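Asks: Input: one structure, supplied below.
The values are calculated or read from the model by the stated rules, or taken from the named source; none is laboratory data. Every value quoted in this text rests on a predicted model; they were computed, and no experiment measured them. We place every Cβ from the backbone using ideal geometry, glycine too, and count neighbours over all the protein chains shown. Accessible surface is based on the protein model in full, side chains and every heavy atom, while ligands, DNA and RNA are left aside. Shrake-Rupley method; radii C 1.70, N 1.55, O 1.52, S 1.80 Å.
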Amino acid sequence: MAKSSKSKLSPAAARVVASLERFLAANWERQPKDVAALRRHKRPPMGNLPCVIYANFDTFWLGEMTQVMRAQARQRAMPVKQLNAVAAAIIARHAARLGKWGFADTVRELGAVQAFFSGPGARSHAEFAAIAEALLVALDRINAWIDAAIPWSRLDKALKLCPVPA
């Protein structure tokens with residue numbers, strides 16, 4: 001995030017953004033510990049691939065919802081108090097889902113963001129958008145690592161859709 005944008009944040013919001021940036025830096029060049037563990041994670045009665053696909057969808061959809069909230073903040077279409085409440089609820093839900101796949105580091109980071117939105121929260125639309133942007137970049141990187149574990153082209157070649165039921 002640009003330095004001038006950071007200087008406009010409250011101290012609490014600046015800590016959230018800084019934490020997300022550290023999380024992103026730690027997960028940028030090397031596969032995150034969460035994703036390495038996900039490659040071995042199994043939940044009966046299924047094997048490994050469904051766990052990876054579910055984690056992919058969980059991070060993807062949290063990113064999509066964060067984009068919607070960021071747009072709402074940029075357009076001032078929703079009061080900041082409501083944005084904080086919605087963000088806290090959505091992040092808590094996705095963190096719980098990612099916890100099923102053993103994402104300890106990601107869940108911890110999301111928990112800190114969720115606690116911010118539940119606690120002091122963003123003071124302005126601009127502050128909310130700045131935090132949403134930092135969250136998006138961090139989430140997108142985790143999602144890219146998960147997505148890279150899925151053999152999409154081999155799946156497409158090996159699997160056919162089920163026929164339409166009669």
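Asks: Assigned to a helix (DSSP H, G or I), crowded, with 21+ Cβ neighbours inside 10 Å and β-branched (Val, Ile, Thr), is that true of ILE142?
Replies: yes
Asks: Only one of ARG76, ARG108 is over 18 Å from the mean Cα position of the chain (by Cα), at pLDDT 95 or above and not polar (S, T, N, Q); which?
Replies: The match here is ARG76.
Asks: Hey, another quick one. Could you grab me the full set of residues in the stretch 2-17 that are in a helix (DSSP H, G or I) and modelled with pLDDT of 90 or more?
Replies: Once the filter is applied, which keeps residues that are in a helix (DSSP H, G or I) and modelled with pLDDT of 90 or more, the stretch 2-17 yields PRO11, ALA12, ALA13, ALA14, ARG15, VAL16, VAL17.
Asks: Which one is surrounded by the most Cβ atoms within 10 Å (Cβ to Cβ) among residues in the stretch 93-103 that are touching a residue at least 24 places away in the same chain (Cβ under 8 Å) and under 13 Å from the mean Cα position of the chain (by Cα)?
Replies: Among them, the one singled out is PHE103.
Asks: Looking at (1) in contact with a Ser or Thr (Cβ under 8 Å, 6 or more places away or on another chain); (2) in contact (Cβ under 8 Å) with a residue 40 or more places away in the chain; (3) open to solvent by less than 40 Å² (accessible area, probe 1.4 Å), which is the only condition ALA88 fails?
Replies: Unmet for ALA88, out of (1) in contact with a Ser or Thr (Cβ under 8 Å, 6 or more places away or on another chain); (2) in contact (Cβ under 8 Å) with a residue 40 or more places away in the chain; (3) open to solvent by less than 40 Å² (accessible area, probe 1.4 Å): (2).
Asks: Can you confirm whether the stretch 76-84 contains a residue that is in contact (Cβ under 8 Å) with a residue 12 or more places away in the chain, within 19 Å of ASN143 (Cα to Cα) and surrounded by 14 or more Cβ atoms within 10 Å (Cβ to Cβ)?
Replies: Checked against the condition, which is being in contact (Cβ under 8 Å) with a residue 12 or more places away in the chain, within 19 Å of ASN143 (Cα to Cα) and surrounded by 14 or more Cβ atoms within 10 Å (Cβ to Cβ), the stretch 76-84 yields no hits at all.
Asks: Residue check: is ALA166 part of a helix (DSSP H, G or I), among the aliphatic types (A, V, I, L, M) and loosely packed, with under 15 Cβ neighbours inside 10 Å?
Replies: No, not satisfied.
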